Amino acid sequence: MTDLRVGVVGLGWVAGAHINAFKNVAGADVTAVCSRRALDEASLARELGVPLKPYQRYEEMLNDTSLDIIDICTPHPLHPQQAIAAAQAGKHLIIEKPIALTYADAKAVGEAIREARVNACVCFESRFSGQGIAVRSMIDQGLLGDVHYGEVDYYHGIGPWYGQFAWNVKKEMGGSSLLTAGCHSLDLLLWYMDGEVDEVSSFSTRTKSPIFGPYEYDTTSVTLMKFTDGRIGKVASVIDCLQPYYFHIHLVGSEGSVLDDRFYSAKLKGTKKNAWNRVAAPLIDSGDVADHPYQPQFQAFVDSIRRNESMPLTGFDAAFTSHKVAFAADRSAQEGRRVKLSELV
């Protein structure tokens with residue numbers, strides 16, 4: 001069976017991580033890139049270690065009939081238009097988060113994907129992390145019982161030392177603390193809670209540190225959410241902190257709890273009630289894209305295309321649900337009130 005061919009649009013930090021991940025994906029190869037920069041095949045091969053056909057015009061790459069998948073790694077505002085064009089060209093899609101910076105644009109992407117009947121994967125890769133899967137497995141096996149409260153928080157200081165800082169500080173580029181980064185935590189919480197959000201209340205603020213002064217939007221937010229069945233959750237998104245990267249997970253259920261890489265379950269007989277057990281799994285502990293679990297995510301995507309099935313875990317519909325909650329949260333913080341998810345139509 002012929003390998004699927006991938007064209008990457010955008011050639012920054014995250015694109016390099018995607019290309020490296022695909023080197024270890026069975027059944028697919030990255031064969032083309034599109035960048036505003038003038039590139040030649042020899043220099044690309046030296047830099048990235050694989051032969052790639054360069055394009056400067058996105059439309060030309062979409063017209064390449066040899067390409068099966070378009071991988072969108074450009075700045076946030078470009079995602080909707082590029083995703084819609086790729087879907088209309090009949091290409092399957094990998095979309096870096098966020099899908100879009102507005103709810104209307106995210107909806108338009110979904111409509112294009114459904115009309116074209118193409119498959120799509122959104123890069124909420126934390127669901128494919130060792131820690132993410134281990135916690136989900138504990139839930140599925142009943143070790144926590146019924147989870148009634150969950151919090152997943154994102155602490156990552158995105159300052160001048162970080163590659164995306166120069167453009168991420170702009171409101172029209174980053175959008176919000178949640179959209180530009182904290183949506184990873186929000187998405188993981190929704191996966192764990194496995195229910196429909198009824199309403200959200202969100203509050204936002206920002207540090208007085210001059211390091212983060214260039215940001216045009218609030219860099220810290222806290223979102224409280226109530227699910228339709230009465231359960232509750234919380235997500236903090238803090239991109240103006242001066243501390244090591246920290247991805248915080250705390251779930252509380254009727255039979256036990258998870259706290260980061262520790263857990264307690266009343267179902268495990270003989271264990272101490274005053275001591276945590278350790279989860280021996282790779283942690284979500286880095287903002288470096290080189291450490292993200294793209295490889296298992298992309299392998300699942302390629303396999304789903306082969307089987308003519310929807311992308312598991314991080315398909316468009318699941319990702320859109322997470323984005324919808326994020327958009328509601330940002331509206332709540334901006335307008336200073338609770339927002340029902342039903343308001344977003």
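Each value in this text was obtained by applying a stated rule to the coordinates, not by laboratory testing. The model shown is predicted, which means the values in this text are computed figures rather than measured ones. Backbone-built Cβ (ideal geometry, glycine too); neighbour counts: all protein chains shown.
Taking region 185-219 as the region of interest, how many residues are within 20 Å of residue 341 (Cβ to Cβ), of a type outside the set (A, V, I, L, M, F, W, C) and surrounded by 17 or more Cβ atoms within 10 Å (Cβ to Cβ)? Steps first, please.
Taking region 185-219 and keeping what is within 20 Å of residue 341 (Cβ to Cβ), we get 185-204.
Going one step further and asking which of them are of a type outside the set (A, V, I, L, M, F, W, C), we end up with 185, 187, 192, 194-196, 198-199, 201-202, 204.
Adding the requirement that they be surrounded by 17 or more Cβ atoms within 10 Å (Cβ to Cβ) leaves 185, 187, 192, 199, 201-202, 204.
Qualifying residue count for the region: 7.
Take the residues of region 105-157 that are over 16 Å from the mean Cα position of the chain (by Cα) and within 30 Å of residue 213 (Cα to Cα): which is surrounded by the most Cβ atoms within 10 Å (Cβ to Cβ)?
Looking at the filtered set, the residue picked out is 157.
What strands (runs of 3 or more DSSP E), lying completely within region 183-285, carry at least 1 residues that are under 22 Å from the mean Cα position of the chain (by Cα) and farther than 16 Å from residue 134 by Cα? Break it down into steps so the answer makes sense when it comes.
On the way: elements: 197-205, 220-227, 232-238, 246-253, 256-259, 262-265.
Correct list: 197-205, 220-227, 232-238, 246-253.
Can you tell me how many residues in region 58-84 are in contact with a strand residue (DSSP E or B) (Cβ under 7 Å, 6 or more places away or on another chain), of a type in the set (Val, Ile, Thr) and surrounded by fewer than 21 Cβ atoms within 10 Å (Cβ to Cβ)?
Result for region 58-84: 0.
Collect the residues in region 1-28 that are assigned to a strand (DSSP E or B) and within 18 Å of residue 45 (Cβ to Cβ), keeping them in residue-number order.
First, the residues of region 1-28 that are assigned to a strand (DSSP E or B): 4-9, 28.
Residues satisfying the conditions are 5, 6, 7, 8.
Looking at (1) over 20 Å from residue 246 (Cβ atoms); (2) touching a Gly at 6+ places or on another chain (Cβ under 9 Å); (3) of a type outside the set (Ser, Thr, Tyr), can you tell me which one residue 171 breaks?
(2)
List, please: which pairs have Cβ atoms under 9 Å, are six or more places apart or on different chains, and start with a residue in region 193-205 that is closer than 16 Å to residue 317 by Cα and end with one that is in a loop (DSSP other than H, G, I, E, B)?
195/228; 195/229; 195/231; 196/228; 196/229; 197/228
Looking only at region 289-308, count every residue that is more than 13 Å from residue 17 (Cα to Cα) and not in a helix (DSSP H, G or I) and tell me the total.
Total meeting the criteria: 2.
Is it the case that residue 313 is outside any helix (DSSP H, G or I), touching a Lys or Arg at 6+ places or on another chain (Cβ under 8 Å) and within 27 Å of residue 177 (Cα to Cα)? Break it down into steps so the answer makes sense when it comes.
Working: outside any helix (DSSP H, G or I): yes; touching a Lys or Arg at 6+ places or on another chain (Cβ under 8 Å): yes; within 27 Å of residue 177 (Cα to Cα): yes.
Here the answer is yes, as residue 313 does meet what is asked.
Can you pull out the strands (runs of 3 or more DSSP E) entirely within region 67-161 that have at least 1 residues that are within 21 Å of residue 33 (Cα to Cα)? Steps first, answer last, please.
Values: elements: 69-72, 92-95, 120-122, 147-155.
Ranges flagged: 69-72, 92-95, 120-122.
Quickly run through region 330-345 and pick out the residues that are of a type in the set (Val, Ile, Thr) and either part of a helix (DSSP H, G or I) or closer than 19 Å to residue 183 by Cβ (or both). Give the derivation first.
Taking region 330-345 first, the residues of a type in the set (Val, Ile, Thr) are 339, 345.
Listed by number, the list holds a single entry, 339.
Considering only residues that are free of Cβ contacts under 8 Å to residues at least 24 places away in the same chain and either in contact with a helix residue (DSSP H, G or I) (Cβ under 6 Å, 6 or more places away or on another chain) or small (Gly, Ala, Ser) (or both), which ones fall in region 291-317?
Correct list: 312 only.
One residue is enough: does region 227-243 have a residue meeting the conditions touching a helix residue (DSSP H, G or I) at 6+ places or on another chain (Cβ under 6 Å), touching a residue at least 60 places away in the same chain (Cβ under 8 Å) and polar (S, T, N, Q)?
Step one: of region 227-243, the residues touching a helix residue (DSSP H, G or I) at 6+ places or on another chain (Cβ under 6 Å) are 233, 235, 237, 239-240.
Okay, now just the ones that are also touching a residue at least 60 places away in the same chain (Cβ under 8 Å), so 233, 235, 237, 239-240.
Still in the running and polar (S, T, N, Q): 237.
For region 227-243, residues touching a helix residue (DSSP H, G or I) at 6+ places or on another chain (Cβ under 6 Å), touching a residue at least 60 places away in the same chain (Cβ under 8 Å) and polar (S, T, N, Q): present.
Could you list, in sequence order, the residues of region 242-270 that are exposed (fewer than 15 other Cβ atoms within 10 Å of the Cβ) and among the charged types (D, E, K, R)?
Once the filter is applied, which keeps residues that are exposed (fewer than 15 other Cβ atoms within 10 Å of the Cβ) and among the charged types (D, E, K, R), region 242-270 yields 262, 267, 269.
Out of all the residues in region 132-161, which are hydroxyl-bearing (Ser, Thr, Tyr) and out of contact with any helix residue (DSSP H, G or I) (no Cβ under 8 Å at 6 or more places or on another chain)?
Within region 132-161, the subset hydroxyl-bearing (Ser, Thr, Tyr) is 137, 149, 154-155.
137, 149, 155 - these are the residues of region 132-161 that are hydroxyl-bearing (Ser, Thr, Tyr) and out of contact with any helix residue (DSSP H, G or I) (no Cβ under 8 Å at 6 or more places or on another chain).
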